[in-house]
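The values are calculated or read from the model by the stated rules, or taken from the named source; none is laboratory data. Here the structure is a predicted model, which is why all the values come from computation and not from measurement. Here the Cβ is made from the backbone with ideal geometry for all residues, glycine too, and neighbour counts use every protein chain on show. Each accessible area value is taken on the protein alone, full model and side chains, heavy atoms only, with ligands, DNA and RNA left out. Shrake-Rupley method; radii C 1.70, N 1.55, O 1.52, S 1.80 Å.
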Amino acid sequence: MRAARLITMVLLLQSRPGMTAAELAAELEVSERTVLRDAAALSEAGVPVYAERGRTGGYHLVDGYRTRLTGLARGEAEALFLSGLPTALRDLGLQDAASAARLKVAAALTPALRDTPRTVAGRFHLDAPGWFQDPVAPALLPALAEAVRDDLTLRTRYRRGGAEADRALLPYGLVLKAGVWYLCARVADPVEPSSVQDGFRVYRVDRFVSAEPDGGRFERDADFDLAGFWAERSARFARSLLASEVTVRVSGAGAGRLPHLVDRRAAEEALAAAGPPDGDGWRTVTLPVESPQVAYEQLLALGAEAEVLAPPALRARFREAAARMHGRYR
């Protein structure tokens, strides 16, 4: 446990020199006193680590000191070779760089771990695109990726519906979701500032008509968290789609299938808020849905395991569907 922590500390200082004891303690999930002891232990073991005092001080390694990756365990090495999506790297124009990086890591591994690339490739494959669609990389994806990597300001033209709009964007990050690429960017010249929180928006990459660097660079917001931003926007988007409500009684079997037919989170929250089952094991659920039409198509799959109570028009539609089906099988 301590040996792994010491190795992590050295690697942190290699990549982020000048980290304070407090920063190291937070990163390693230990106390600052433990960081002091670990720094002393590394120094005694011959690792040239030293501390500088003052407001701009922190822990450093002597210039030029590097450690090889001989401390990798098999699981850690496997995780490294599994961490890149081959199709995503190719789409971003990073396939050659990723191959070179894997070769360098493989060369640094101990002989006992040299078979890691082969064993991982034979056991795991990451397939990001969704089913029933051919993964096609948007033509402008490599250019957008370069702008994201180098913090380049962009002048873009974006297609929304039947219209196109010009936008000056600060590209913060790219996200691959179910085979579709999205750009998370701050609007440099928002037309409607009040409608854009912090100026950030999400754009489908395949809807960009053009994207050209305008010769400028921008300074990134140090507090921007791409993963957190995407999770919040995804949840907000999912909630925004659920603009209607239906009241439905479901059997025990229907309750078990409901999260697989409608929005999972909405179904789970509705079931949790519902009262206990009645004497027949049925529960009445108020369920957020996208629209009555979508609810009809989704809940029809429950068949006799559900009874729609409201709205009346939707209940009438299910009654008609049940009558037609009864006529077919009579």
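Table: residues versus (1) at pLDDT 90 or above; (2) loosely packed, with under 12 Cβ neighbours inside 10 Å; (3) not aromatic (Phe, Trp, Tyr).
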position	(1), (2), (3)
Arg257	yes, no, yes
Gly275	no, yes, yes
Pro292	yes, no, yes
Phe318	yes, no, no
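Restricting attention to segment 37-56, and to residues there that are of a type in the set (Lys, Arg) and closer than 16 Å to Leu24 by Cβ, which single residue is surrounded by the most Cβ atoms within 10 Å (Cβ to Cβ)?
Per the stated criteria, the residue is Arg37.
Could you say which residue among Leu154, Leu170 is in contact with a Ser or Thr (Cβ under 9 Å, 6 or more places away or on another chain), surrounded by 18 or more Cβ atoms within 10 Å (Cβ to Cβ) and either at pLDDT 80 or above or assigned to a loop (DSSP other than H, G, I, E, B) (or both)?
Working: Leu154 fails: in contact with a Ser or Thr (Cβ under 9 Å, 6 or more places away or on another chain).
Going through Leu154, Leu170 in turn, the sole match is Leu170.
Spot the failing condition for Val148; the list is (1) outside any helix (DSSP H, G or I); (2) surrounded by 11 or more Cβ atoms within 10 Å (Cβ to Cβ); (3) free of Cβ contacts under 8 Å to residues at least 40 places away in the same chain, and only one is missed.
Evaluating Val148 over (1) outside any helix (DSSP H, G or I); (2) surrounded by 11 or more Cβ atoms within 10 Å (Cβ to Cβ); (3) free of Cβ contacts under 8 Å to residues at least 40 places away in the same chain leaves (1) as the failure.
Checking Asp280 against (1) under 30 Å from Glu232 (Cβ atoms); (2) surrounded by fewer than 18 Cβ atoms within 10 Å (Cβ to Cβ), which test does it fail?
Failing condition for Asp280: (1).
Test Gly216 against the stated conditions and say whether it is surrounded by 13 or more Cβ atoms within 10 Å (Cβ to Cβ), touching a residue at least 12 places away in the same chain (Cβ under 8 Å) and at positive phi. Write out each step before concluding.
Details: surrounded by 13 or more Cβ atoms within 10 Å (Cβ to Cβ): yes; touching a residue at least 12 places away in the same chain (Cβ under 8 Å): yes; at positive phi: no.
Spelling it out, it is not the case that Gly216 is surrounded by 13 or more Cβ atoms within 10 Å (Cβ to Cβ), touching a residue at least 12 places away in the same chain (Cβ under 8 Å) and at positive phi.
Counting residues that are over 28 Å from Lys177 (Cα atoms), which helices (runs of 4 or more DSSP H) fully inside segment 232-318 reach at least 2? It would help to see each step written out before you state the result.
Working: elements: 252-261, 264-273, 292-299.
Where helices (runs of 4 or more DSSP H) fall fully within segment 232-318 and carry at least 2 residues being over 28 Å from Lys177 (Cα atoms), they are 252-261, 264-273.
Before we move on, is Tyr59 open to solvent by 50 Å² or more (accessible area, probe 1.4 Å), modelled with pLDDT of 75 or more, under 18 Å from Leu6 (Cα atoms) and of a type outside the set (A, V, I, L, M, F, W, C)?
On the way: open to solvent by 50 Å² or more (accessible area, probe 1.4 Å): no; modelled with pLDDT of 75 or more: yes; under 18 Å from Leu6 (Cα atoms): yes; of a type outside the set (A, V, I, L, M, F, W, C): yes.
In short, no.
If you check every pair at least six apart or on different chains, which have Cβ atoms under 6 Å apart with a residue in segment 229-251 that is touching a residue at least 60 places away in the same chain (Cβ under 8 Å) and surrounded by 14 or more Cβ atoms within 10 Å (Cβ to Cβ) first and a residue that is of a type in the set (D, E, K, R) and part of a strand (DSSP E or B) second?
Arg249/Glu307
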